[in-house]
Amino acid sequence: MVERKSAKSQLFIYVLLIFIVAITLLPLVWMFSASLKLNKDVFTIPIQWIPRNPVWKNYITIWKKIPLAKFTTNSFKLTIIVCIIQVFTSSFAAYGFAKCHFPGRNFLFLLYVATISIPWQVYMLPQFIEMRTLGLTNSHLGYVLMQSFIAMGVFLVRQFYISIPDELLEAARIDGLNEYSIYARIVLPLSKPALASLTIMSFVTIWNDFMGPMIYFTRTELKTIPLGIRMFIGQYSAEYSLIMAAAVLSIIPVFAVFMMFQKYFVQSVTSSGVKG
Amino acid sequence: MNNRKKKLSLRTRNALIGYSFILPNFIGFFIFVFIPVMFSLVLSLVSWNGFGPMKFVGLKNFVTIFKDKNFVNALSRTMYYTFFTVVLTTFIALGLAVLLNNKLRFRGFFRSAVFFPYVASIVAVGVVWNMLFQKDFGPINEFLRWIGIQNPPGWTASVKWAIPAVIIVSVWKYMGYYMIVLLAALQDIPVDLYEAATIDGANRRQYFWRIAAPLLTPALFFVVLMLTVTSFKSFDLIYVMTEGGPGQATTLVVNYIYSKSFISETYGVSSAAAMVLLFIISIITLIQFHAEKKLTN
């Protein structure tokens, strides 16, 4: 499919693509445009894509109507902590599973693999009961603990480590490095792409997570942005433009991360797609 | 001291180092994932509301849910939802992947644009689409009236159209993700295969069906199964858009599990439903596992 095509078919492809991209992006463009309107103008006909007098004030008002600053801080805090723990412990464990030999290794790894295909929704209740018994519901710590130790992370990084040749590590051992320095000084720097993919995947998942925080946090000061927007809709269901402004704000960090690490996004999708 | 250290054989030392690598993750994994998974099996066999002693009831919870019209309906609705989501998403994602595998200007932009809905937050996406779908003055119905449809559907407000509305949003959100998976598979097809085929006198159609299609099958199969599994466990989007309503019109299996777990607090019943979900997903995974073996050999 690398063949040069006639100008006509090229044109057709572009028209088709522009049509598809329009469908994909219009809801988001509409969201942004609505967030800059007066409430009464959100549903005017015909649609005003570019508001005549953009109401930037909407973006200030929402910070006052709900504790959005608190929600944002909570979202950042939880996302960053979970990402760090996930990346560190997964890559550490992945090294153990890929490059060390110890009795029971295959059995333990099987345990991990077996739980990958079990959806969280299947065990969310027992996990919640366990956390409640430990007194960890309605606390950020409880949420961090339940999100940080997914089997998928270990699995993905291990796949990558297996491709690192053993001869390389052997040479380092002969040079007198111990396993921890081999991990830190050779394997870790080599695995930047894999770790970046994992980080991005968990960033997006935790930042956008809705069901977990909904179950764990009933106190307002613990809530994250997705819950905050939900709360906002509950209280001010007719304030369309304000709701849209809040929605736009919730997308900005993900959008920024997305723009910065586009390459790794593609990698994270394809690496989770390539199963061993 | 030194002697004793030497006595620790190399094997034991290596084993200890190995354990030290997996331990930080394993402790957390064991306590917060593995134990709950086992615990859910136990819960499905007891009657318990969270307080007082559990009462072992055997398979009674399973009888209860299959007698519950709401569960049976949720299950069949989930299958309906899954079927359409899988078929539509796969076709569109494949079409997009083939299109975007061409040498085009702004190809990167097109790919990112289609992919972006995947990373946007479910709540934001859900609210926007709810407004777009608004029955009386929403832009979508406005457009439908403009092209001459007098009585456009009520979408999320109507029992009949709520599920199709959710399916549309879910296809929109996830097509970019699967497009990337398929695009990666397309790019794995070596270019020289195409050149060799052209030298042998093959035309484009023959090339597609004889060379590209068979090489693409494993990836397509993977996409279909992934989509099936994710559709079976979907919850967030529906919860945000319709909360399972109107009535029970969009209540899927996970919505059912959620309400039995956290609203009516009948833990045994909800865990039985969770086991049914696990059973279905395990079967899908097993199919994938066997097919993958066959397809890659």
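Observations
- Top-ranked residue of the range A:235-276 - restricted to ones that are of a type in the set (S, T, Y) and open to solvent by 20 Å² or more (accessible area, probe 1.4 Å), ranked as modelled with the lowest pLDDT: A:S271
- Out of A:V55, A:V87, A:V113, sole residue that is assigned to a loop (DSSP other than H, G, I, E, B) and in contact (Cβ under 8 Å) with a residue 40 or more places away in the chain: A:V55
- Residue pairs whose Cβ atoms lie under 7 Å apart, separated by 6 or more positions or on different chains, with the first residue in the range B:66-90 and under 20 Å from B:D236 (Cα atoms) and β-branched (V, I, T) and the second open to solvent by 60 Å² or more (accessible area, probe 1.4 Å) and assigned to a helix (DSSP H, G or I), are B:T89/B:Y174.
- Close pairs (6 angstrom Cβ cut-off, 6 or more residues apart or separate chains): at the interface with chain A (Cβ under 8 Å from one of its Cβ atoms) in the range B:125-138, surrounded by fewer than 22 Cβ atoms within 10 Å (Cβ to Cβ) and in a loop (DSSP other than H, G, I, E, B) anywhere: B:L132/B:G138; B:F137/A:F43
- Breaking point among (1) more than 11 Å from every other protein chain (Cβ to nearest Cβ); (2) within 30 Å of B:Y19 (Cβ to Cβ); (3) crowded, with 19+ Cβ neighbours inside 10 Å, for A:A184: (3)
- Residues of the range A:29-47 classified as within 11 Å of chain B (Cβ to nearest Cβ) and free of Cβ contacts under 8 Å to residues at least 24 places away in the same chain, total: 7
- Scanning the range A:122-146 for residues that are part of a helix (DSSP H, G or I) and either without any contact (Cβ under 8 Å) to a residue 24 or more places away in the chain or open to solvent by 30 Å² or more (accessible area, probe 1.4 Å) (or both) yields A:V122, A:Y123, A:L125, A:P126, A:Q127, A:I129, A:E130, A:R132, A:T133, A:L141, A:L145.
- The range B:4-34: number of residues that are within 24 Å of B:L278 (Cα to Cα), facing another protein chain (nearest Cβ under 7 Å) and open to solvent by 70 Å² or more (accessible area, probe 1.4 Å): 0
- Looking only at the range B:264-275, and only at residues there that are under 15 Å from B:N70 (Cα atoms) and surrounded by fewer than 24 Cβ atoms within 10 Å (Cβ to Cβ), the one that is nearest to the other protein chains (Cβ to nearest Cβ): B:T266
- Of the residues making up the range A:174-213, those that are in contact (Cβ under 8 Å) with a residue 60 or more places away in the chain and part of a loop (DSSP other than H, G, I, E, B) number 2.
The values are calculated or read from the model by the stated rules, or taken from the named source; none is laboratory data. Treat the numbers as computed from the prediction; the structure is a model and nothing was measured. Cβ atoms come from the backbone with ideal geometry, glycine included; neighbour counts cover every protein chain shown. When the accessible area is computed, the model is the full protein with side chains, heavy atoms only, and any ligands, DNA or RNA have been set aside. Shrake-Rupley method; radii C 1.70, N 1.55, O 1.52, S 1.80 Å.
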